[in-house]
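One structure below.
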Protein chains: 2
Amino acid sequence: MVKVYGEEIQRMLDGHGIKVGDQIRLKMGNVELDGELMPKANIGSRDTIIIKMADGYNIGMRLTSGLEIKKLADGVPNIASFPKISLKRVESAPDVSLIYTGGTIGSRVDYETGGVSMLLKPEELLYKVPEIQGIANISVDMLMSVASEDLSYHEWGRIAESVAKALNNSARGAIITIGTDAMHYTAAALSFMLKDLNGPVVLTGAQRSSDRGSSDGFINLVCAAQLASKSDIAEVGICMHNDESDGKCAYIRGVKARKMHTSRRDAFRPINDKPMAYVWPSGEIKYAKSYNKVDANKHGKVTVMPNFDPRVAIVKVYPNSNPKIIDFYVNEGYRGIIIEGTGLGHAPVSTGHQDLLWLPHIKYALDNGLIVGMTSQCLYGRVHPNVYKNLRLLSNIGVIYCDDMMAEVAQIKLGWLLGNYKVDEAKAMLNKNIAGEIKSRLEFDEFLV
Amino acid sequence: MVKVYGEEIQRMLDGHGIKVGDQIRLKMGNVELDGELMPKANIGSRDTIIIKMADGYNIGMRLTSGLEIKKLADGVPNIASFPKISLKRVESAPDVSLIYTGGTIGSRVDYETGGVSMLLKPEELLYKVPEIQGIANISVDMLMSVASEDLSYHEWGRIAESVAKALNNSARGAIITIGTDAMHYTAAALSFMLKDLNGPVVLTGAQRSSDRGSSDGFINLVCAAQLASKSDIAEVGICMHNDESDGKCAYIRGVKARKMHTSRRDAFRPINDKPMAYVWPSGEIKYAKSYNKVDANKHGKVTVMPNFDPRVAIVKVYPNSNPKIIDFYVNEGYRGIIIEGTGLGHAPVSTGHQDLLWLPHIKYALDNGLIVGMTSQCLYGRVHPNVYKNLRLLSNIGVIYCDDMMAEVAQIKLGWLLGNYKVDEAKAMLNKNIAGEIKSRLEFDEFLV
């Protein structure tokens with residue numbers, strides 16, 4: 001998978017006994033640059049040498065006459081020469097299954113184009129985190145390599161089955177490495193699909209690719225391993241940086257987590273919640289709220305309810321929005337709609353502009369047997385059907401107010417309910433708590449945490 | 001609009017010379033309750049007397065034999081008897097126009113049903129905020145009474161015209177009282193529609209209705225009046241509580257504000273930004289970042305570009321989402337689509353499940369002449385077309401990456417652009433900054449502020 005440098009460069013490197021990963025010096029006139037020789041990624045010119053400098057930045061220098069190369073020190077073995085996983089088994093450490101699904105944590109940057117491709121082998125992932133060896137006996141399950149935004153309910157079901165299989169064998173916990181974009185969607189889906197959990201199921205990943213100095217992936221992975229092997233949290237959660245420093249990670253309940261920043265390492269935040277725990281790479285775990293505990297006397301198996309009906313849409317309401325979008329989904333054979341309303345759960349129901357009136361269209365969906373749930377695009381807080389006249393109009397015709405559930409979670413929950421239960425049951429369960437997604441009380445300090 | 005109590009209650013009240021707003025005592029056996037007699041709202045039983053107690057809670061006591069009523073003190077004149085606005089003119093204070101559009105700040109709770117109806121006259125609004133008199137000479141423009149979620153571009157245009165008219169007469173600033181649900185949408189629309197502003201245009205409202213002890217509306221209104229009459233910010237912004245206490249308000253740029261909580265007083269937060277200023281009811285203003293300043297030497301008129309093409313949709317991408325939604329909008333004659341992508345601006349473009357593949361549908365929209373913009377559902381951070389392979393696929397076919405603009409703002413901007421410019425011009429302007437909606441640099445402390 002790893003492309004090599006052009007012939008001329010390769011000859012120069014070979015001549016100096018330099019291989020990828022070695023510390024080298026590039027010299028060109030007055031400019032002298034020290035850094036680690038990076039592998040050539042699979043796009044871009046083969047005539048540019050890429051090095052990673054001590055500050056984490058990567059620089060490419062084009063091969064021209066006058067370029068001098070010098071080896072400073074041996075580096076780690078380059079990716080092509082990695083052996084098959086051969087982590088030593090530590091008898092005192094628990095077994096943990098690492099389910100690899102893809103994402104930035106298993107990717108490399110091409111420093112000429114700035115693009116990222118998935119080409120890392122799991123061997124390198126673990127090799128770069130030697131700490132992990134003493135924490136747990138990790139067995140890697142190369143389940144798939146998919147960008148998280150490309151994951152669908154098909155893959156969710158396979159991931160859930162893999163988790164159950166691992167936990168029903170020797171693993172006390174599972175780690176799922178995954179792309180960050182839809183990590184919280186996957187976490188929510190697994191929260192509903194996995195039943196009778198008796199160990200931690202920890203999703204983790206990286207916001208920065210693993211060959212960048214600033215990558216968060218390794219700390220996240222170590223913390224995830226600590227949680228999976230030591231914590232007594234029998235829930236699905238997301239373990240990512242708690243802040244921009246590398247100090248600690250937060251472990252956020254799968255149904256309450258959301259990616260709130262496009263690029264920061266601490267992008268994952270709890271919505272209407274606090275993290276279940278904070279975890280340090282050293283293994284220290286500080287529990288921050290109540291959670292389902294691992295029960296040592298419980299010997300039942302983890303079961304999976306992987307069925308999922310994808311015919312549930314999220315529909316956002318905004319000024320001038322076209323309510324015919326509801327009819328579109330009805331006509332497409334959808335079975336449920338989750339509205340991202342404004343404020344406490346509003347949609348335009350009393351505007352004088354007939355073409356912008358949502359009420360008749362929502363009623364059309366309900367009359368056709370669809371389940372319609374209401375959430376808030378505010379994200380924080382809860383919807384409430386009884387405060388304003390407009391809200392009561394919606395509630396009265398049968399719209400189900402979904403309390404403090406995020407729209408994304410309500411959509412996944414309803415898809416899962418419709419995949420596993422009769423319509424009436426699904427309808428009754430939509431705003432009843434199943435996996436921590438609905439809380440009777442929101443704390444003051446659960447806003448913008 | 002204000003309904004009256006039932007005949008028997010009214011007889012008792014009249015017998016004691018009690019009118020709405022008076023302090024009264026209700027006695028029933030051992031129970032004795034003191035509070036302000038509330039008006040009977042237009043729903044619920046007419047045989048229940050409602051009083052507001054000192055702690056702000058409202059209690060209803062049903063008329064039965066044994067109920068005693070006593071008047072303790074005269075209250076403020078009740079709503080029905082308010083005179084037409086007759087605030088005294090203070091020559092030293094500047095003229096400010098208050099444009100009334102509806103919303104909770106002009107509403108009352110019915111304490112039997114918990115529902116809120118709009119029935120407050122602006123006279124009462126100002127009467128309850130005597131401080132406002134010394135701050136500015138407020139002239140009230142009763143433009144409309146619409147719940148903010150029912151506001152459309154028709155109303156936005158009217159509001160913009162009213163602002164321009166006021167500012168082009170004697171007003172140095174304008175206050176717009178408005179429902180909170182879509183306040184930020186309206187603020188964004190006005191930011192684009194109003195040109196050559198030379199004074200503050202301050203949107204404000206209330207999260208709690210004005211007859212509740214905990215209402216935030218009055219402080220917000222006083223702070224808005226301070227901004228409109230004293231600040232030199234020549235921009236459209238939102239003035240609401242900065243925190244849950246009544247200490248100060250934040251003034252957030254209209255294109256960077258978002259309602260982030262369904263019920264908290266400090267629900268409005270800047271996204272990828274800081275407030276332009278903090279303002280105290282006393283009139284103290286602390287400027288927190290750069291902004292367009294009022295120019296005393298500028299004598300041009302405020303102009304309005306109220307045209308708006310509502311045929312621009314926001315489309316959210318999520319796992320299992322149906323890309324045919326794009327075709328729906330194309331077939332409805334839409335001219336633009338703003339995608340709320342995941343992370344840095346992703347949509348499923350390389351999944352193996354053909355029915356979940358967005359790329360061909362996005363291409364269909366582009367081939368049909370639609371402008372397609374990409375934003376991130378993360379809210380915070382910026383999208384970037386060049387980091388991942390999947391992103392480059394979208395960028396290469398012509399999707400416009402909208403930097404750090406919120407989806408809601410991008411949609412309003414594109415609707416406004418298409419209403420006022422040729423397609424090519426609109427396309428070129430979408431990701432160029434016009435009103436502060438795009439920032440070249442995001443600060444570290446602009447996340448979850």
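Readers should treat all values here as calculations from the given coordinates under stated rules, not as data from a laboratory. Since we're looking at a predicted model, the values are computed, not measured. Note: ideal-geometry Cβ built from the backbone for every residue, glycine included; neighbour counts use all protein chains shown.
Under a Cβ-only charge scheme (Lys and Arg +1, Asp and Glu -1), can you give me the dipole magnitude of chain B about the Cα centre, in debye to the nearest 20?
Values: 52 positive and 51 negative charges, 144 e Å.
My answer is approximately 700 debye.
In whole Å, what is the distance between the alpha-carbon centres of segment A:303-358 and segment B:265-292?
Centre-to-centre distance over Cα atoms comes out at 34 Å.
Lone cysteines in the protein assembly as shown, defined as no other cysteine's Cβ under 4.7 Å from theirs: which are they?
Cysteines of the protein assembly as shown left without a disulfide-compatible partner: A:Cys239, A:Cys378, A:Cys402, B:Cys239, B:Cys378, B:Cys402.
What is the Cα coordinate range of segment B:86-304 on the first, second and third principal axes, sorted by size from largest, in whole angstrom?
Answer, in whole Å and largest first: 55, 42, 35 Å.
For segment B:312-429, report the % of Cα-Cα distances exceeding 21 Å.
Values: 2006 of 6903 pairs.
Summing the P(r) of segment B:312-429 above 21 Å gives 29 percent of all pairs.
Express the relative contact order of chain A as a whole percentage, based on alpha carbon pairs under 8 Å and six or more residues apart in sequence.
Relative contact order for chain A comes out at 11 percent.
Every other copy gets compared here: list the nm distances from the A:Lys363 label point (7 Å along Cα to Cβ) to its counterparts, shortest first, one decimal.
Ordered by increasing distance: 4.3 nm.
By count of other Cβ within 10 Å, fewest leading, how are B:Glu7, A:Glu332, A:Glu437 ordered? Walk me through the numbers before you get to the answer.
Numbers: B:Glu7 10, A:Glu332 13, A:Glu437 26.
Least to most surrounded, the residues fall as B:Glu7, A:Glu332, A:Glu437.
Please report, in whole Å, how far the alpha carbons of segment B:368-449 spread along each principal axis, starting with the longest.
Dimensions of segment B:368-449 along the principal axes of its Cα atoms: 38, 31, 19 Å.
With +1 on the Cβ of every Lys and Arg and -1 on the Cβ of every Asp and Glu, and nothing else charged, how large is the dipole of the protein assembly as shown about its Cα centre, in debye rounded to the nearest 20? Write out the running numbers ahead of the final one.
Working: 104 positive and 102 negative charges, 17 e Å.
It works out to roughly 80 debye.
Per residue and in cubic angstrom, what volume does the convex hull of the Cα atoms of chain B have?
Values: hull volume 74.6 nm³, N = 449.
Per residue, the Cα convex hull of chain B comes to 166 Å³.
Of B:Tyr388, A:Tyr364, B:Tyr329, A:Tyr5, how do they rank once you tally other Cβ atoms within 10 Å and put the fewest first?
Fewest to most other Cβ atoms nearby, the residues stand as A:Tyr364, A:Tyr5, B:Tyr329, B:Tyr388.
Below 8 Å, C-alpha to C-alpha, sequence gap of six or more: please give me the relative contact order for segment B:312-429 in percent.
27
With charges only on Cβ, +1 for K and R and -1 for D and E, what is the dipole size of segment B:312-429 about its Cα centre, in debye, rounded to 20? Before the final figure, lay out each step's value.
Details: 10 positive and 10 negative charges, 37 e Å.
Here segment B:312-429 has a charge dipole of around 180 debye.
Kirkwood hydrodynamic radius, computed over distinct alpha-carbon pairs, for segment A:220-310: how many Å, to one decimal?
On the way: mean 1/r = 0.0709 Å⁻¹.
Computed over Cα pairs of segment A:220-310, the Kirkwood hydrodynamic radius comes out at 14.1 Å.
Would you mind computing Rg(Cα) / (2.2 N^0.38 Å) for the protein assembly as shown, counting N as its residues? Before the final figure, lay out the partial values.
Numbers: Rg = 30.1 Å, N = 898, 2.2 N^0.38 = 29.2 Å.
Expressed relative to 2.2 N^0.38 Å, the Cα Rg reads 1.03.
Identify which of B:Leu417, B:Leu33, B:Leu167 has the largest mean-square fluctuation in a Gaussian network model of chain B, with springs joining Cα atoms closer than 10 Å.
Result for chain B, Cα springs under 10 Å: B:Leu33 fluctuates most.
Have a look at B:Glu32, B:Glu149, B:Glu425 and tell me which one the Gaussian network model of chain B (Cα, springs below 10 Å) gives the largest fluctuation.
B:Glu32
Rank A:Leu37, A:Leu13, A:Leu370 by mean-square fluctuation in a GNM of chain A with C-alpha springs under 10 angstrom and give only the top-ranked residue.
Ranking A:Leu37, A:Leu13, A:Leu370 by mean-square fluctuation puts A:Leu13 first.
Counting alpha carbon pairs within less than 8 Å and at least 6 residues apart, what relative contact order, in whole percent, applies to segment B:175-243? Could the numbers behind the result be given before it?
Working: 103 pairs, mean separation 27.4, N = 69.
40 percent.
Taking DSSP loops as anything outside H, G, I, E and B, show the longest stretch in chain A free of trypsin sites (Lys or Arg not before Pro) there with at most 12 other beta carbons within 10 Å.
Counting only loop sites that pass the neighbour cut-off, the longest clear stretch is A:90-297.
For the pair A:Lys324 and A:Glu425, how long in nm is the line joining their label points, each one 7 Å along Cα→Cβ?
Going from the A:Lys324 label point to the A:Glu425 one covers 3.9 nm.
Just to be sure I understand the model, the point goes 7 Å from the Cα along the line to the Cβ. What's the resulting A:Ser92 to B:Asn169 distance in nm?
Between A:Ser92 and B:Asn169, the label points sit 8.3 nm apart.
Sorted from largest down, what three extents in whole angstroms do the Cα atoms of segment B:148-259 have along their principal axes?
38, 31, 24
Can you work out the FRET efficiency for the pair B:Asn433 and A:Asp14, with r the C-beta to C-beta distance and R0 = 51 Å, to the nearest 0.05?
Numbers: r = 51 Å, r/R0 = 0.99.
Computed FRET efficiency for B:Asn433 and A:Asp14: 0.50.
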